[in-house]
Amino acid sequence: MDPGHPKEKPAAADPAGDPAGGQDLHLFLQTLQTLWSTRELRQLREEAWKGFATLDEPLATLLDIMDASQGCGGRGPSLEAWVARELERWLQAHPRPGPAQGGPALKPLQARAVRLLTAGPPSLVEPLVSIFQLQDADRSPVLAHIHRLHQEGKFKEAIMLGTKLQLQADLDVEKMCVPLLLQDKVGLVERYVDSLPHLQRRLLALMDSWCQPGFDIRVVARRYPQATLKLERLSPRALGRQVLRLLEQYSLDPALCPSVATQQRLTALRYLCYKRLVERSMSQESWAELVQGLVGQDEWLQEQLLQLLASQDDVAMVAQCALDLSLPEERLPATVVAEMSQLRLQERMAKAPSEDGRDDCYRLPITREDIHFLASWEELARHEKALLQPGQVVGVDLEWRPSFGTGGRPRVSLMQVAVEGRVFLLDLPRLSSPAGGQAPHAFSRLMSRLLSDPSITKLGYGMAGDLQSLGASYPALAQAGQKLQGGLDLLQVHRQMRVADRPALAVDGAAGPRGLSLLVQQVLGKPLDKTQQLSNWDRRPLGEGQLVYAAADAYCLLEVYWALCREPARFHLPGSLPWSLGLGRSERHGTREPPLQKASASPRQVRSPEDVAPEVPARAFRVVCDSMLRGLARTLRCLGVDVRVLHSGEDHRQAAEVARQEGRVILTSGLPYHKLRAQVGAGRCLAVDCSLKAQQQAKAVIRHFNVRVTPTDIFSRCQACNCDQYLKVSKDVMKQLVWLSVHPGGPGGAGSEAPHSDGEQETGSTPEEAPGGCTYNPTCRWLEDVDLQTRVPATLANGTRLQLAGIPAGVLRRPGLRHFYCCTGCGKVFWEGSHLARVTSNFQEVLEGTPRPASGPS
């Protein structure tokens, strides 16, 4: 049935007649078809409900309608599905005895419904299942249909039908899920196994088997030549992330997925070997303990470890590692074995030379006696006054045992609180244990008072993340972040520091210290000694090296803060540092906005002329982002910046090649930054902080490169594909194109008309005004007939198909909306709305030529 194009002009139906009769049913259908084609939905519903009220057997009549229209439906909206949904609503509003209430009379109707279900469009599945209670019907015809769909390569339709009819118990989970996984349609697979733990376990076991060393996913893919596969998204690493996410989502035992666990341990092992053998930023004791815990008795991991050690040139270091781990000598190089013998003979279990002296690192300025380890209620009570002294400044830090993703989220093991002259190390597992008597209550009360007292300045580095980890580890402290008052995150200060001889201070160094260690080096002259960072913080008692390291991590916050307060001009920070950082004694509750935000609203005011990078217009600024920064890429495109994004399968090194060939700046995150920066030179690569939201990241990039953004740059480029060429389309023409996409017969079809003009006059010269006084008038020309290759489907001359399905029907009826804008690159259609004013407001502080609202951006 083609509801938009009936063969002849239908006669009006007699509402009082019985639609169940042959002729009356025909007239009833023609009436509905006419109203459906004109989209008079209110009248259509009224006529349908009148007809339903006259039916003796509404379910049988619905099946008659389905039979009458079988094989005539199109790809557009289905009148049959609409009638089925309306009948379902009508039956709910007018319950009546009969087959709809179940019983033997429903059986033959169910059989007919199942036959229609297997031959009809997907839109009929849900209403037919509900109306005819098909979950309880004979399943064999539907199962046969699902198998037929699968054989035809219609994997999506097969799994959706099996899910809606709850046929998972009668279908093979591997057969149903494998082709969808190969097509990267994990969402459909998740719905298929939802609330079915036995299927969830089988699914994860299957995905885990694909992560085994040496497994070739192409062998599986060859069984499905009909499917459009996305194998680049099924690398062991990407698949492992999916498995871990589903394990947590389904609350299943990680032991169910040994291959993924082994893959994680190997990744952690490589990282630890790099930290110890290349960077030499771990102590030998911590490294050996963590490696032993990772490798255990796993022979394959032992072999990988031996290969990693054998690839190193430092024979003395490798020999020391082999001794500490008791590795079998017969599997080690002869030079390493000889060095191990020398070490035994000389009885020297010395550390690597790089660990002997620490004169090049920050030294804790207090004595060992001033470091207090608190593990009981009595010890807390003894030092409570010092911890809660009003008006003081304290440094706060946390430590936890590294898990490398193999044991769930790590539990915080230690909290360090530094006050002037002393550091208190709080043993969180013991202080929070119910076996500790009064300790849990006393500790919770002390933390609440410390965090909520606005007169005590709390210093941290990445405080939001630390408090979140604290709350996740100990439910009694779940509201720690909400209670914080008087907090100052030095990470936020670090991002905005500047010195006279450098345009900007990076938060992540290209090589060497990073994060807090880099801040300490930039302010105090020497970095932190991080050799104990990856040690076992759950071990009791803690080693002397761990105690000193933990104390230094907290106390350095105090010394950095005091230095910044003494010399704010040296780092181009405001003169009255404590107050300008938002540390006034406000009575407001809750967490504060990041410090220095107000001071950074006009960053050019605090730069000396030699520090300011040359100004570059937004549309001339060209960048390449790695695949982890897609949100930032879309936001920068929204501001008119030319952004290329690496695909998920592209190696990050491709960014350097793109940057050189196309003159782009690299925006990246994590470890690739150091390698990429070395390839493109200074000022051409920026490490982006992934803890920030995309909007904050974009502002940081704009400020760092001194990019000039004007209101006319907003939405001058497509956020989806980066194209900056649009075609303007009037609302009348857009209505015609949308109508034709739903009614492929086009204007002039029997019994139908194309939508006519709504009388609005198009001028094409006056830019439309969005809420908030913002205007949008991109450089583009009107769509002409020569720009269209075909009208059905609407395709531009360059072969780009317009994405008309994304236009809500209500937008086409919106008063005052006169124009649409079509991207010539991807076919996406845009129209004006509140988004323009919202984006303009959100980026007010970096826009040129716009007045600043008195109340600040919303």
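Considering all different alpha carbon pairs of the stretch 175-234, the Kirkwood hydrodynamic radius works out to 12.1 Å.
Ordering of 656-669, 633-646 by packing is 633-646, 656-669, highest average first (other Cβ atoms within 10 Å, averaged per residue). The charge dipole of the stretch 613-713, taken about its Cα centre with unit charges on the Cβ of Lys, Arg, Asp and Glu (plus for the first two, minus for the last two), comes to roughly 140 debye. For the stretch 411-501, the fraction of C-alpha pairs farther apart than 16 angstrom is 59 percent.
This model, with +1 at the C-beta of Lys and Arg and -1 at the C-beta of Asp and Glu, gives the stretch 22-244 a dipole about its Cα centre of some 860 debye. Legend: translational diffusion of the stretch 22-244 by Stokes-Einstein, Rh = Kirkwood radius over C-alpha pairs, 37 °C, 0.692 mPa s; D = 166 µm²/s.
Dimensions of the stretch 260-354 along the principal axes, based on C-alpha atoms and rounded to the nearest Å, stand at 42, 29, 20, largest first.
Here the 3J(HN,Hα) profile of the stretch 141-158, calculated from phi with Karplus coefficients 6.51, -1.76 and 1.60 at θ = phi - 60°, is x, 5, 4, 4, 5, 4, 4, 5, 4, 5, 5, 7, x, 8, 5, 5, 5, 5 Hz, Gly and Pro shown as x.
Of all lysines in the structure, those lying under 29 Å Cα to Cα from Lys731, and not within fewer than 8 positions of it along the same chain, are Lys828.
Using 0.36 nm per residue of separation minus the Cα-Cα distance, give me the extension gain between Asn706 and Leu41 in nm, one decimal. All intermediate terms of the calculation are to be shown ahead of the outcome.
Values: separation 665, 0.36 × 665 = 239.40 nm, distance 5.44 nm.
That works out to 234.0 nm of additional length.
Quick note on the stretch 368-580: its Rg to Rh ratio, both from C-alpha atoms and Rh being the Kirkwood radius, is 0.96. Using the Cβ-Cβ distance between Leu817 and Lys156 with R0 set to 45 Å, the FRET efficiency works out to roughly 0.80. Across the options Val707, Ala694, Leu676, the greatest Cα extent toward the positive end of the charge dipole of the stretch 639-744 (unit charges at beta carbon of Lys, Arg, Asp, Glu) belongs to Val707. With the biggest extent put first, the Cα atoms of the stretch 613-713 measure 35, 26, 19 Å across the principal axes.
Each label was represented as a point 7 Å from its Cα along the Cα-to-Cβ direction; for Ser235 and Ala620 these points are 3.7 nm apart. Think of the stretch 184-329 as having a plus end and a minus end, set by charges on the Cβ of Lys, Arg, Asp and Glu; of Leu327, Ala288, Leu256, Leu256 sits farthest toward the positive end of this dipole.
Here the simple spin-label model places points 7 Å from the Cα toward Cβ, and for Asp360 and Asp787 these points are separated by 6.2 nm. Distance between the pseudo-spin-label points of Gln468 and Ala805 (7 Å out from Cα toward the beta carbon): 3.5 nm. The stretch between Arg539 and His647 holds 34.6 nm of extra length on full extension. This uses 0.36 nm per residue minus the Cα-Cα distance. Lys-Lys pairs in the stretch 22-244 that are eight or more residues apart or on separate chains and whose Cα atoms lie under 30 Å of each other come to 18. By the rule of a C-alpha distance below 17 Å, with chain neighbours fewer than 8 residues away ignored, the lysines paired with Lys275 are Lys351, Lys530, Lys675.
Taken together, the values in this text are just the output of simple stated rules run on the coordinates, not laboratory data. Note that the structure is predicted; figures quoted are calculated from it, not measured. Because the Cβ atoms are built from the backbone with ideal geometry, glycine has one as well, and the counts that use them run over all protein chains shown.
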